[in-house]
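The values are calculated or read from the model by the stated rules, or taken from the named source; none is laboratory data. This is a predicted model, so every value here is computed, not measured. We place every Cβ from the backbone using ideal geometry, glycine too, and count neighbours over all the protein chains shown.
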Amino acid sequence: MELTPEILKINPAATAERIKMFIKDMVKKTETNGVVLGISGGIDSSTVAALSTLSLGSEKVIGLILPEDETYNETDIRHAKRVAEKFRFKTVEITITPVLEAYYKTIPIFDSVEKISRGNIKARARMIYLYYYANKLNLLVCGSSDKSETMMGYFTKWGDVAADIAPLMDLYKTQVRQLAKYIGVPDEIIAKPSSPNLWRGQLAEKELGIKYETLDLILYGLERFMSTKEIAKQLQLNKQLVEKIKKRWLRMEHKRQMPLSLKLTYRTVGKDFRLYHTQ
Amino acid sequence: MKRFNIALTQMTCTRANKEANIQKMEKYIQKAKAENASLIVFPELALTGYTLRDQIYELAETIPGPTVMTMEKIAKRENIHIIFGMPELSEKTQAVIYNTAVLVAPKGYVGKYRKMHLPTHSVFEEKRYFRQGYKPTVFETELGKVGMLICYDAFFPEVSRILRLEGAQLLVCISASPAVRRHFFEILTVARAIENTVFLAYVNLVGLENGLQFWGGSRLIAPSGKILIQAKYNEEHMVVGTVDYSDIKPVEAFVPTLRDLRPEIFQMLQELSEKL
């Protein structure tokens, strides 16, 4: 198998159709009124919000724009609103700063300098808003995580990844870009560098230490059981870099599963209850 | 050899780290040798740990292969027989894997047994990853005739029976049994020894792997069903017991199960199993 950009090419039309069908089916089977999404103005949330509207219609989609003072970025908000206008779904803008400040003030061990724990509060606070809307209005929370960041564990546990459905989770970032382009997500959103925006200046590719074009090819190789040696050789990369990515992928499995349970009795949640999401 | 010492070594494995597990096995081999053991037994998939899921594809090796060569060298150097479990990669394909028990002797590689009954229920996913073995096999060694079985095989008396009918004097059952199944194995291992009038060494994994707690409790059982020696529950432990084949005859005479076998009903067993 040759690791070239060609192998990451998807059929965007067919993929969009399948995702639309999935969203529609899940809303129907769960007897909910539609979906609520957090929209950041980034490519993933814009794409999944657009697909939700194309699938369910405008009235069944609500986008929450949840900015906070520290990372407030007018361009991102403008992008979020532009997508909402283009695909005609409702948005609600809520500044979450007061809530964050309440956490900062009340956590006895709070450290304002350490970025990760602090940034994760933001992602988890947003989750609370999304689930409030979902509970109150009988909606599904539609997540926007893609396969690259999910495999890398590049997300906040119980934060941005928390959702009822995750329609993009099986598409690498470079594949989401193809899909976004096809369904008409504005170019400036597709072109801008990805960021979880948990602190100022945070950039995904800088933090991961690799461009998505390369990362996706490495992950594609790992997905297909290629050795790190072979991947490094083909992509002309340092083997240590590929090893590091592989280790990170494996180490982050705890973020992708229910909490680890201990087998104590007959059938165990998270182990050998093998049931489906929808009945 | 009619009488020899056997070391039952229930160990905690470092998951997916063959090097660390080989190092640990080597230490126990030296310890077993110091206690005059002629055979040391390690648990099912001791080379890699039990819970591997998709990582198994990169850990499985052919037999013979690099790990078996290493174990051969150790067996030769320490003048000891070794039985251990590992994921075995087929020589003919790149993703057909067996759950295998390997026997090496001071003279080199003796043979392997591929697990015939792969649990795929409850917490077990073995059929998803392994191809089943096809034949119970007995190996002629300096320690007499040895037959191997792996964990869930103990629930199927046919495997032990065939091994015994092939002449096995010692059955070695390597295992990775989680705590909720302890009572099954404590009964079944004794039953397999009694019904076949044979020595049975059971060696289980110990420790926690991904929320599965392996209970240890390895034991050497005499043909009479007497537990000659037993390792601790829930902690890494090696115990050394003595196998004395001269103990088989008095039991065989007292409970002559092999004399009383009724081969004519075996056909029925096959027919009824096919029609289940």
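On the basis of being on the phi < 0 side of the Ramachandran plot, free of Cβ contacts under 8 Å to residues at least 24 places away in the same chain and of a type in the set (Asp, Glu), does B:Glu35 make the cut?
When the stated conditions are applied, B:Glu35 does not pass them.
Consider A:Arg200 against the criteria (1) in a helix (DSSP H, G or I); (2) loosely packed, with under 14 Cβ neighbours inside 10 Å; (3) within 20 Å of the chain's Cα centre (by Cα); (4) away from every other protein chain (no Cβ under 14 Å): it satisfies all of them except one. Which criterion is unmet?
(1)
Among A:Asp216, A:Asp272, which is assigned to a loop (DSSP other than H, G, I, E, B), of a type in the set (Asp, Glu) and surrounded by 12 or more Cβ atoms within 10 Å (Cβ to Cβ)?
Testing whether each residue is assigned to a loop (DSSP other than H, G, I, E, B), of a type in the set (Asp, Glu) and surrounded by 12 or more Cβ atoms within 10 Å (Cβ to Cβ) leaves just A:Asp272.
Kindly list the number of the only condition in (1) charged (D, E, K, R); (2) crowded, with 22+ Cβ neighbours inside 10 Å; (3) over 16 Å from the mean Cα position of the chain (by Cα) that fails for A:Lys136.
It is condition (2) that A:Lys136 fails.
Taking the stretch A:242-253 as the search range and keeping residues that are closer than 21 Å to B:Gly211 by Cβ and more than 10 Å from chain B (Cβ to nearest Cβ), which one is surrounded by the fewest Cβ atoms within 10 Å (Cβ to Cβ)?
In this case the residue turns out to be A:Arg251.
Could you say whether any residue in the stretch B:166-186 is assigned to a loop (DSSP other than H, G, I, E, B) and within 14 Å of chain A (Cβ to nearest Cβ)?
Yes, because at least one residue in the stretch B:166-186 is assigned to a loop (DSSP other than H, G, I, E, B) and within 14 Å of chain A (Cβ to nearest Cβ).
Of all the residues that make up the stretch B:189-210, how many are assigned to a strand (DSSP E or B), under 15 Å from the mean Cα position of the chain (by Cα) and either among the hydroxyl-bearing types (Ser, Thr, Tyr) or surrounded by fewer than 20 Cβ atoms within 10 Å (Cβ to Cβ) (or both)?
Number of matching residues: 1.
Say whether the condition of being in contact (Cβ under 8 Å) with a residue 40 or more places away in the chain, out of contact with any Leu (no Cβ under 6 Å at 6 or more places or on another chain) and part of a helix (DSSP H, G or I) is met by at least one residue in the stretch B:80-98.
Scanning the stretch B:80-98, I find no residue that is in contact (Cβ under 8 Å) with a residue 40 or more places away in the chain, out of contact with any Leu (no Cβ under 6 Å at 6 or more places or on another chain) and part of a helix (DSSP H, G or I), so the answer is no.
Take the residues in the stretch B:32-43 that are part of a helix (DSSP H, G or I) and within 20 Å of the chain's Cα centre (by Cα); name whichever of them is nearest to B:Ile174 (Cα to Cα).
Once the filter is applied, the top-ranked residue is B:Ala32.
Do you know which residues across the stretch B:44-78 are assigned to a helix (DSSP H, G or I) and either within 14 Å of chain A (Cβ to nearest Cβ) or of a type in the set (A, V, I, L, M) (or both)?
Across the stretch B:44-78, the qualifying residues are B:Arg53, B:Asp54, B:Gln55, B:Ile56, B:Tyr57, B:Glu58, B:Leu59, B:Val68, B:Met69, B:Met71, B:Ile74, B:Ala75.
So which residues in the stretch A:1-16 are among the hydrophobic types (A, V, I, L, M, F, W, C), at pLDDT 95 or above and not in a helix (DSSP H, G or I)?
A:Leu3, A:Ile10
Determine which member of the set B:Phe130, B:Phe124 is at pLDDT 95 or above and more than 14 Å from chain A (Cβ to nearest Cβ).
B:Phe130 is the lone residue from the list that is at pLDDT 95 or above and more than 14 Å from chain A (Cβ to nearest Cβ).
Considering each residue of the stretch A:62-104, count those that are surrounded by 13 or more Cβ atoms within 10 Å (Cβ to Cβ), part of a helix (DSSP H, G or I) and among the polar types (S, T, N, Q), and give that number.
Qualifying residue count for the region: 2.
When residues of the stretch B:187-210 are filtered for being out of contact with any strand residue (DSSP E or B) (no Cβ under 8 Å at 6 or more places or on another chain) and away from chain A (no Cβ under 14 Å), how many remain?
Counting residues in the stretch B:187-210 that are out of contact with any strand residue (DSSP E or B) (no Cβ under 8 Å at 6 or more places or on another chain) and away from chain A (no Cβ under 14 Å) gives 6.
Of everything in the stretch B:211-230, what is within 14 Å of chain A (Cβ to nearest Cβ) and in a loop (DSSP other than H, G, I, E, B)? Give them in sequence order.
Result: B:Gly211, single match.
Tally time: how many residues in the stretch A:230-240 are in contact (Cβ under 8 Å) with a residue 12 or more places away in the chain and surrounded by fewer than 18 Cβ atoms within 10 Å (Cβ to Cβ)? Steps first, answer last, please.
Here is the first cut: in the stretch A:230-240, the residues in contact (Cβ under 8 Å) with a residue 12 or more places away in the chain are A:231, A:234-235, A:237.
Checking which are surrounded by fewer than 18 Cβ atoms within 10 Å (Cβ to Cβ) leaves us with A:234-235, A:237.
Number of matching residues: 3.
Being under 27 Å from the mean Cα position of the chain (by Cα), acidic (Asp, Glu) and within 14 Å of another protein chain (Cβ to nearest Cβ): is that true of A:Glu230 here?
So A:Glu230 fails the test.
For A:Gly270, indicate whether it is among the small types (Gly, Ala, Ser), farther than 30 Å from A:Arg78 by Cα and either more than 14 Å from chain B (Cβ to nearest Cβ) or out of contact with any helix residue (DSSP H, G or I) (no Cβ under 7 Å at 6 or more places or on another chain) (or both).
When the stated conditions are applied, A:Gly270 passes them.
Of the numbered conditions (1) within 30 Å of A:Gly184 (Cα to Cα); (2) without any contact (Cβ under 8 Å) to a residue 40 or more places away in the chain; (3) not charged (D, E, K, R), A:Ile121 satisfies every one except a single condition; which is it?
With respect to (1) within 30 Å of A:Gly184 (Cα to Cα); (2) without any contact (Cβ under 8 Å) to a residue 40 or more places away in the chain; (3) not charged (D, E, K, R), A:Ile121 is out only on (1).
Restricting attention to the stretch B:113-131, which residues are assigned to a loop (DSSP other than H, G, I, E, B) and either touching an Asp or Glu at 6+ places or on another chain (Cβ under 8 Å) or farther than 13 Å from B:Thr51 by Cβ (or both)? Talk me through it step by step, then tell me what you get.
Filtering the stretch B:113-131 for residues assigned to a loop (DSSP other than H, G, I, E, B) gives B:115-125, B:131.
The answer is B:Lys115, B:Met116, B:His117, B:Leu118, B:Pro119, B:Thr120, B:His121, B:Ser122, B:Val123, B:Arg131.
So is A:Lys247 modelled with pLDDT under 95 and outside any loop (DSSP other than H, G, I, E, B) or not?
no
So if I check each of B:Leu171, B:Leu118, B:Leu165, which one is out of contact with any Cys (no Cβ under 9 Å at 6 or more places or on another chain), in contact (Cβ under 8 Å) with a residue 12 or more places away in the chain and farther than 24 Å from B:Leu258 by Cα?
Among B:Leu171, B:Leu118, B:Leu165, only B:Leu118 is out of contact with any Cys (no Cβ under 9 Å at 6 or more places or on another chain), in contact (Cβ under 8 Å) with a residue 12 or more places away in the chain and farther than 24 Å from B:Leu258 by Cα.
Conditions first: (1) part of a loop (DSSP other than H, G, I, E, B); (2) free of Cβ contacts under 8 Å to residues at least 24 places away in the same chain; (3) surrounded by 14 or more Cβ atoms within 10 Å (Cβ to Cβ). A:Ser195 passes all but one, so which condition is the exception?
That leaves (2) as the condition not met.
Please verify whether A:Arg124 is in a helix (DSSP H, G or I), farther than 23 Å from A:Leu171 by Cβ and in contact with a Gly (Cβ under 6 Å, 6 or more places away or on another chain), treating the condition exactly as stated.
yes
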